[in-house]
Amino acid sequence: MTHAFTIQAHLPEDHQQATLIGRIWQPNVGPVLVKVQADGVYDLTAVAATSSQLLELDNPAAAVAQTKAPRLASLEDLLANADVATRDTSRPWLLAPIDLQAVKASGVTFVASMLERVIEEQARGDAGRAESVRKAITAVIGDNLSSVVPGSDGAAKLKEVLLEQGVWSQYLEVGIGPDAEIFTKAQPLSSVGLGDEVGIHPKSVWNNPEPEIVLVVNSRGVTLGATLGNDVNLRDFEGRSALLLGKAKDNNASCAVGPFIRLFDANFSIDDVRRAELTMRVDGTEGFTLKGSSSMSMISRDPLNLVEHAIGPNHQYPDGLVLFLGTMFAPTQDRFGPGQGFTHQVADVVTIATPKLGALVNKVNFTDKVAPWTFGLTALLKNLAQRKLI
């Protein structure tokens with residue numbers, strides 16, 4: 001991976017006043033929850049054994065700020081050991097900053113990506129048909145539905161019109177209807193972190209990264225912070241059938257989260273999430289570069305409203321959850337020929353960044369070539385028991 005993993009590149013631009021937590025793998029110990037500062041990472045085990053447990057405290061940010069935790073490692077050294085291709089497993093490295101939380105995602109939350117989902121559906125997952133379908137769809141419904149409030153009377157009237165014209169879609173239903181799409185993105189402990197490989201299914205020929213902000217929510221439904229995520233997506237699988245969503249979304253290493261969780265405090269709040277501007281860059285080995293962005297100000301449902309759709313009286317998460325907020329980024333830039341659009345190639349380097357959360361970088365590989373996921377719930381429980389933390 002031709003990328004410099006540095007404090008300047010990966011920490012928030014205002015990291016000196018940020019409350020950052022992460023997880024590292026400590027050789028001969030296991031996963032350790034840490035406070036992240038420019039001068040090093042500090043052991044939070046005395047405060048909480050897991051990221052999930054920390055977020056159940058009444059005021060996690062205050063608990064992290066007040067603890068006098070022992071220093072475990074240099075942040076520079078951890079970042080230098082981030083790239084999985086050159087990682088020295090005898091030294092500590094960074095993990096995804098989440099652990100026991102359910103990993104959920106909200107879909108079709110931006111108009112731009114909503115239209116692309118409709119196009120995938122109409123093209124039946126065939127990238128070669130996408131451009132002609134795109135023109136036909138936008139000729140009927142236009143390309144600007146940003147004024148439509150999901151679940152409103154106006155949205156219901158628009159649905160009636162589109163039904164009459166024969167262009168209603170399941171994606172429009174969740175995009176402007178009363179019920180948001182909330183799905184399971186990955187299993188607890190399966191997410192990969194900074195410098196790890198992300199996976200695309202070897203049978204997929206039309207796929208893409210999805211740069212997203214990820215909210216961190218405790219079991220009481222309280223949103224306590226945010227991080228970055230890559231909701232790796234197989235457009236051809238989902239386009240063939242919505243019933244293939246699980247296979248399109250949940251594969252080995254198909255979920256990247258990190259580099260760190262930034263907790264809400266006096267210097268960072270949900271309003272910063274609402275104002276965030278994400279950038280994304282894909283660099284291919286053949287010299288291809290794709291750049292994109294996603295503005296949270298364009299989201300059609302408020303982030304906290306999406307949390308209410310995910311957790312509440314009808315659905316509990318005893319270990320909390322993280323919630324991907326969706327993306328307005330749906331790449332259409334041709335990579336190999338006119339009308340072919342974008343798809344990943346092995347060894348692509350994906351960078352997702354926003355000033356208040358830092359940058360998440362991963363390299364693409366096939367899901368059957370990425371390191372298999374082996375450290376699950378049983379392994380974590382055994383590890384914590386051996387360390388007398390449970």
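The values are calculated or read from the model by the stated rules, or taken from the named source; none is laboratory data. Just so it is clear, the model here is predicted, and its values are computed rather than measured. All Cβ positions, glycine included, derive from the backbone under ideal geometry; neighbour counts span all protein chains shown. Calculation scope for accessible area: heavy atoms of the full protein, side chains included, ligands and nucleic acids excluded. Shrake-Rupley method; radii C 1.70, N 1.55, O 1.52, S 1.80 Å.
Descriptive notes on the structure:
- Here each label is just a point 7 Å from Cα along the line to Cβ, and for residue 29 and residue 336 those points are 4.6 nm apart.
- Helix-derived mean residue ellipticity, 222 nm - over the chain, DSSP H n ≥ 4, -39500 (n - 2.57), to 500: -7000 deg cm²/dmol
- Over 39 Å [Cα-Cα, the chain], rounded percent: 15 percent
- Between residue 38 and residue 220, residue separation times 0.36 nm minus the direct Cα-Cα distance comes to 62.4 nm.
- Rolling a 1.4 angstrom probe over the chain with all protein chains present gives an accessible area of which 51% lies on carbon and sulfur atoms.
- Estimated FRET transfer efficiency (residue 86, residue 297; beta-carbon r; R0 30 Å; 0.05): 0.20
- Between 0 and 90°, nearest 10: helix 377-386 axis offset from the chain longest Cα axis: 10 degrees
- Between residue 186 and 103, the built amide H atoms are under 5 Å apart, and every one of these is 5 or more places off in sequence or on another chain.
- Rounded tilt (10° steps) of 130-141 against the dominant C-alpha axis of the chain: 70 degrees
- Residues of the chain: accessible area per residue with a 1.4 Å probe, Å²: 41 Å²
- Candidates per trypsin sites (Lys or Arg not before Pro) in segment 300-384, loop by DSSP, up to 15 other Cβ within 10 Å: 369
- Sequence-distant residues sharing a close amide H with residue 233 (under 5 Å, placed H): 208, 210
- Sequence-distant residues sharing a close amide H with residue 100 (under 5 Å, placed H): 51, 52
- Nearest-ten-degree value, helix 111-123 long axis tilted from longest Cα axis of the chain: 60 degrees
- Rel. contact order, % - alpha carbon contacts under 8 angstrom, at least six apart, the chain: 22 percent
- Sequentially through segment 285-298, phi angles give Karplus couplings (6.51, -1.76, 1.60; θ = phi - 60°) of 5, 8, x, 6, 10, 10, 10, x, 8, 9, 9, 5, 5, 9 Hz, Gly and Pro residues having no value and appearing as x.
- Bridge type composition, the chain - antiparallel percent by DSSP, nearest 5: 85 percent
- Whole-number D in µm²/s for segment 275-318 (Stokes-Einstein; Kirkwood sum over Cα pairs; 10 °C, 1.306 mPa s): 118 µm²/s
- Placing +1 on the Cβ of every Lys and Arg and -1 on the Cβ of every Asp and Glu, with no other charges, gives the chain a dipole of roughly 660 debye about its Cα centre.
- Exposed-site-free run, longest, the chain (rule: GluC sites (Glu not before Pro); DSSP loop; at most 15 other C-beta within 10 Å): 14-285
- Top of 48, 65, 359 by mean-square fluctuation, Gaussian network on the chain, Cα under 10 Å: 65
- Per-pair calculated FRET efficiency, R0 = 35 Å: residue 274 and residue 67 via Cβ, rounded to 0.05: 0.75
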